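Trainee: Sending over a structure as structure tokens; questions will come in a sec.
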Amino acid sequence: GGNCCKILYLASLRSFWHISDLHWDYTYKLGDDPSLVCSSSGRRPAEGAGKFGHYVCDSPWELINSSIYAMKNILEHPDFIVWTGDDTPHVPNEDLGEEKVLFIIEGLTQIIKQLFPKTKVYSALGNHDYHPKSQLPAEQNNIYNKVGDLWKDWMEPSSQDNFQKGGYYTERLLNRPGFRVLVLNTNLYYDQNSVTENMQDPANQLQWMDDVLSKAVLNNEKVYIIGHIPPGVFEKKRNKAWFRPHFNKRYLELIQKHHCVIMGQFFGHHHTDSFRMFYSDENPVSTIFLTPGVTPWKTTLPGVDDGANNPGIRIFEYDSETLLVKDMITFYFNLTHANNARARWEKEYRLTEAFHVPDASPASMHRIMENMAGDSCILQKYYEFNSVSYDRKPCNAGCRINHICAIREVDFEMYKHCVETGDTSPTVEGAIWLLVLSAVSEIVIPSL
Ligand SMILES: *[C@@H]1O[C@H](CO)[C@@H](O)[C@H](O)[C@H]1NC(C)=O
Ligand SMILES: *[C@@H]1O[C@H](CO)[C@@H](O)[C@H](O)[C@H]1NC(C)=O
Ligand SMILES: [Zn+2]
Ligand SMILES: [Zn+2]
């Protein structure tokens, strides 16, 4: 009976790593002048900087190295690794150039290959993985060619070909029939990308995505989508979106159209820990998981107050027969502690334990969002995880609206409506659940 099912269930529970936004600053150097520790600080003083980095700087090599070694120590044999880009430091274009960008991507590729020589890596380009930054073209170029060569051991030959043409590709997930991965180049939709500004469908990626997903539906495949810049709005700054509006709309429509085969979307770029919900007829149908960055770099985006974070890395647990995302475990590196005492990657939280949900399905993620909207303790817990336990200030009413509306509304118009009305109250169904939660003193969730 039950035992038999349990064994079957456990047999298909597998794991993979997701890392993002390593942003290696090779200029990082301790010295007498705090404003000269790293170019990525832009002269902001790195007071008390240590060998693992500083919150106004991108990652020194010691931190990059520590993060990849931590992955190996914690889980040496994941099924695969998802790596969602942004390898170079936040410095002016004049300080980089094509050769330096390629040198940095090669350095990070090498350490991952060295420590995970047999592991498949699905790697997406970030807006910082190009020179000039964010200007990723909709056609073949030297950087796509060179990076396609660096990553060729991680791709099927046809994928390498596609990657070199537009920076995106699809292939079977782990070469298993019935399972597929799409690695996207969403940098083509970035409003800072002037190369693609007047294009309807740069590099034909949207049409291609529609075709690939339509075929996946016909063939009953299960699909993961991987990319760097996500659609929707930044939760740390009201109204701050990345995609141009027509691209945001098209992306959302594609997910709604093909949601039944899309089992997870994995993105970076925010350097924060958050998620985005997709609905169809008001039912939660898909989730983007935003994995925090390794770089602690405090953003210079105007209007974001103290936007640094602790370095984070993440394991996803998934059912390898259905690709349902079962859980995620985020590990964090207390940068202050590492510099003062000892480098340590600790478990920050496991999703199902921290938020009392059975798994990381769209229904469960929706439940978490509703609980955050209705319970300030749950909101506060999410808020501290959002910066990987760096910013532990109280999340007030304005903060709640920024986060809930960003999570709930990927569509720009719906988001606008959400922040204008400030209506983040949970649905009736959610309110009932909250009553249940507060009535039961301790909820016991069977742990896996
Ligand atoms: C990389 O990290 C490992 C594990 O902590 C350590 O043994 C090694 O010395 C580090 N290498 C560098 C170059 O920092
Ligand atoms: C990180 O370490 C510092 C210094 O040891 C400590 O004050 C702080 O509370 C730690 N942060 C967390 C989230 O544990
Ligand atoms: Zn980044
Ligand atoms: Zn980015």
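The values are calculated or read from the model by the stated rules, or taken from the named source; none is laboratory data. These numbers come from a predicted model, not from an experiment. As a convention, Cβ positions derive from the backbone with ideal geometry for all residues, glycine included, and neighbour counts pool all protein chains shown. The protein model used for the area step is the full one, side chains on, heavy atoms only, and it has no ligands, DNA or RNA in it. Shrake-Rupley method; radii C 1.70, N 1.55, O 1.52, S 1.80 Å.
Trainee: If amide hydrogens are placed 1.01 Å from N in the peptide plane, which non-local residues have theirs closer than 5 Å to the one on residue 222?
Mentor: HN-HN under 5 Å from residue 222: 179, 180.
Trainee: At 1.4 Å probe size, with no ligands or nucleic acids counted, give the accessible surface of residue 300 in Å², nearest ten.
Mentor: Here the accessible area works out near 90 Å².
Trainee: Please work out how much length the chain gains when fully extended from residue 140 to residue 301, using 0.36 nm per residue of separation minus the C-alpha to C-alpha distance, in nm with one decimal.
Mentor: 54.9 nm
Trainee: Shifting gears a bit: What do you reckon, how do 77, 356 stack up by accessible area (1.4 Å probe), largest on top?
Mentor: Result of the area sort, largest leading: 77, 356.
Trainee: Step through the residues of segment 238-250 one at a time and calculate ³J(HN,Hα) from phi using the Karplus curve (6.51 cos²θ - 1.76 cosθ + 1.60, θ = phi - 60°), rounding each to whole Hz and writing x for Gly and Pro.
Mentor: Karplus-based 3J(HN,Hα) across segment 238-250 equals 4, 6, 8, 10, 10, 6, 5, x, 5, 6, 4, 5, 4 Hz.
Trainee: A further question on this structure: Sort 43-50, 27-34, 243-250, 380-387 for me by packing, meaning the mean count of neighbouring Cβ atoms within 10 Å per residue, highest on top.
Mentor: 380-387, 243-250, 43-50, 27-34
Trainee: Counting Lys +1, Arg +1, Asp -1, Glu -1, what net charge surrounds residue 254 among other residues with beta carbon under 12 Å of its beta carbon?
Mentor: -1
Trainee: Please build a GNM for the chain, connecting alpha carbons under 10 Å apart, and tell me which residue among 185, 141, 334 fluctuates the most.
Mentor: So, out of 185, 141, 334, the one fluctuating most is 141.
Trainee: May I pose another question? Accessible area of residue 298, 1.4 Å probe, to the nearest 10 Å²?
Mentor: Accessible surface of residue 298 is approximately 50 Å².
Trainee: Sticking with the crude label model, points 7 Å out along Cα→Cβ, report the distance from residue 30 to residue 283 in nm, one decimal please.
Mentor: Those two pseudo-labels are separated by 5.7 nm.
Trainee: Now for a separate question. Would you mind calculating the relative contact order of the chain from Cα pairs under 8 angstrom and at least 6 residues apart, reporting the percent as a whole number?
Mentor: Here the relative contact order equals 15 percent.
Trainee: Please list, by residue number, every one of the GluC sites (Glu not before Pro) in segment 236-323 that is coil in DSSP and has at most 14 other beta-carbon atoms within 10 Å.
Mentor: Loop-located and lightly packed - 282.
Trainee: For residue 116, what is the net charge nearby, where nearby means another residue's Cβ is under 12 Å from its Cβ and Lys, Arg count +1, Asp, Glu -1?
Mentor: In short, +1.
Trainee: Let me ask something additional. Carbon and sulfur together cover what percent of the accessible area of segment 12-439 at a 1.4 Å probe radius?
Mentor: Whole-percent figure for carbon plus sulfur exposure: 49.
Trainee: Which log10 I(q)/I(0) values, to two decimals, does segment 354-393 give at q = 0.24 Å⁻¹ under the Debye formula with one point per Cα?
Mentor: -0.79
Trainee: Moving on. Which of 423, 161, 210 moves the most in a Gaussian network model of the chain with Cα springs under 10 Å?
Mentor: Among 423, 161, 210, the largest GNM mean-square fluctuation belongs to 423.
Trainee: Could you work out the Kirkwood radius for segment 131-217, taking every pair of different alpha carbons, averaging 1/r and inverting it, reported in Å?
Mentor: 13.6
Trainee: Continuing with this model, one more query. If you plug each phi of segment 138-148 into the Karplus form 6.51 cos²θ - 1.76 cosθ + 1.60 with θ = phi - 60°, what whole-Hz ³J(HN,Hα) values come out, in order, with x for Gly and Pro?
Mentor: My calculation for segment 138-148 gives 8, 8, 4, 7, 4, 5, 4, 4, 5, 5, x Hz in order.
Trainee: Starting from the alpha-carbon convex hull of the chain, give the projected area averaged over all orientations, in nm². Please list the in-between numbers first.
Mentor: Details: hull surface 85.8 nm².
Its Cα hull, projected and averaged over all orientations, spans 21.4 nm².
Trainee: Say we join alpha carbon atoms closer than 10 Å with springs in a Gaussian network model of the chain; which of 194, 320, 158 then has the biggest fluctuation?
Mentor: Between 194, 320, 158, it is 158 that shows the largest mean-square fluctuation.
Trainee: Within segment 85-167, which GluC sites (Glu not before Pro) sit in a loop by DSSP and count at most 13 neighbouring Cβ atoms inside 10 Å?
Mentor: Taking segment 85-167 and a limit of 13 other Cβ atoms within 10 Å, the loop GluC sites (Glu not before Pro) found are 139.
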